[in-house]
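Single-structure report; data block below.
The values are calculated or read from the model by the stated rules, or taken from the named source; none is laboratory data. Since the structure is predicted, the reported quantities are computational estimates derived from the model, not experimental observations. Using ideal geometry, Cβ is built from the backbone for each residue, glycine included, and neighbour counts are taken over all protein chains shown. Ligands, DNA and RNA are excluded from the accessible area calculation, which covers all protein heavy atoms including side chains. Shrake-Rupley method; radii C 1.70, N 1.55, O 1.52, S 1.80 Å.
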Amino acid sequence: NYAFEKTVINVTTGEDPATTASPGDVLRYRLRLENQRAEALDNIVITDELDRLNAPAAFEAGSLAIVSVPAGADTTNTNVFGGAAGTGLLDVRGLDLPNLGDSLEIEFEATLAAVIANGSTVANQAQAETNGVPFADSDDPILNGGADPFVPGDEDPTSVTIQSAPDFLIEKLSSYETGDPNILLAGETLRYTITVKNIG
């Protein structure tokens with residue numbers, strides 16, 4: 001019996017808990033695992049592949065940054081370019097919860113990609129195993145309340161809805177086709193160049 005929860009804060013906007021985000025925002029995820037049984041949970045490994053649930057990838061490669069882990073935890077297998085999409089893999093090992101009520105927390109940040117379609121959902125979910133056996137997916141308690149550890153598939157991924165829109169830079173230049181460029185006379189020809197760039 002356990003509780004394995006994951007929530008998200010939008011560091012860029014300050015929304016806590018975050019439900020929306022824009023491309024380029026920094027998200028901070030908090031994982032909390034609590035032992036709710038009268039025997040030890042030991043040799044725990046918690047992993048989180050940033051874009052395991054997203055296609056196309058929604059996170060900026062190399063932006064994964066660990067904020068805090070329990071004392072003595074092993075993070076050497078964390079790879080900021082890990083995972084199938086190459087956008088980051090959190091790997092925290094050497095965790096133990098020996099007693100009923102013991103808990104641990106892990107926090108990390110990641111930056112959303114610069115371009116993500118408006119209205120799309122960016123989902124994230126961590127996994128936990130003990131002694132090499134997977135036993136839990138993280139649940140977002142903000143969505144549908146806490147998960148029942150005895151009901152398979154009851155866990156909700158932690159998700160934000162993307163709010164984005166195109167942003168255009170439009171420039172117009174004129175140049176002289178004939179005559180003195182410093183003096184414009186009747187009948188002379190001008191060439192106009194309009195450049196439109198999507199910067200959103």
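A few points about this structure:
- Given (1) within 19 Å of Leu89 (Cα to Cα); (2) open to solvent by 80 Å² or more (accessible area, probe 1.4 Å), index of the condition Asn124 fails: (2)
- Qualifying residue in the range 109-116 (condition: touching a residue at least 60 places away in the same chain (Cβ under 8 Å), in a loop (DSSP other than H, G, I, E, B), farther than 26 Å from Thr87 by Cα and open to solvent by 40 Å² or more (accessible area, probe 1.4 Å)): no
- A count restricted to the range 153-181 and to residues that are open to solvent by less than 90 Å² (accessible area, probe 1.4 Å), within 26 Å of Leu112 (Cα to Cα) and over 25 Å from the mean Cα position of the chain (by Cα) stands at 1.
- Filter pass, Asn1 being modelled with pLDDT under 95, polar (S, T, N, Q), in contact with a strand residue (DSSP E or B) (Cβ under 7 Å, 6 or more places away or on another chain) and open to solvent by 60 Å² or more (accessible area, probe 1.4 Å): no
- Within the range 73-101, restricting attention to residues that are farther than 15 Å from Ser63 by Cα and of a type in the set (Ser, Thr, Tyr), the residue that is nearest to the chain's Cα centre (by Cα) is Thr75.
- Filtering Ile44, Ile66 for residues that are assigned to a strand (DSSP E or B), out of contact with any Cys (no Cβ under 8 Å at 6 or more places or on another chain) and surrounded by 17 or more Cβ atoms within 10 Å (Cβ to Cβ) leaves a single hit, Ile44.
- Of all residues in the range 59-80, those that are under 18 Å from Thr111 (Cβ atoms) have Cβ atoms under 8 Å from Cβ atoms of residues that are of a type in the set (Lys, Arg) and assigned to a strand (DSSP E or B), 6 or more apart or on another chain, in Val67/Arg28.
- Set side by side, the residues Leu173, Leu169, Leu185 differ, and just one is part of a loop (DSSP other than H, G, I, E, B) and not hydroxyl-bearing (Ser, Thr, Tyr), which is Leu185.
- When Leu53, Leu90 are checked against the criterion of being touching a Pro at 6+ places or on another chain (Cβ under 9 Å) and among the hydrophobic types (A, V, I, L, M, F, W, C), Leu53 stands alone in meeting it.
- Every residue from the range 16-32 that is within 22 Å of Ile66 (Cβ to Cβ) and open to solvent by less than 60 Å² (accessible area, probe 1.4 Å): Pro17, Ala18, Ala21, Gly24, Asp25, Val26, Leu27, Tyr29, Leu31
- Any hit, the range 108-115, residues being among the charged types (D, E, K, R) and under 13 Å from Tyr2 (Cβ atoms): no
- Which numbered condition Asn54 fails, given (1) in a loop (DSSP other than H, G, I, E, B); (2) over 13 Å from the mean Cα position of the chain (by Cα): (2)
Listed here are the residues, each with its yes/no results for (1) open to solvent by less than 70 Å² (accessible area, probe 1.4 Å); (2) modelled with pLDDT of 95 or more; (3) not β-branched (Val, Ile, Thr).
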| site | (1), (2), (3) |
| --- | --- |
| Asn99 | no, no, yes |
| Glu105 | no, yes, yes |
| Pro141 | yes, no, yes |
| Val151 | yes, no, no |
| Ile183 | no, no, no |
| Asn198 | no, no, yes |
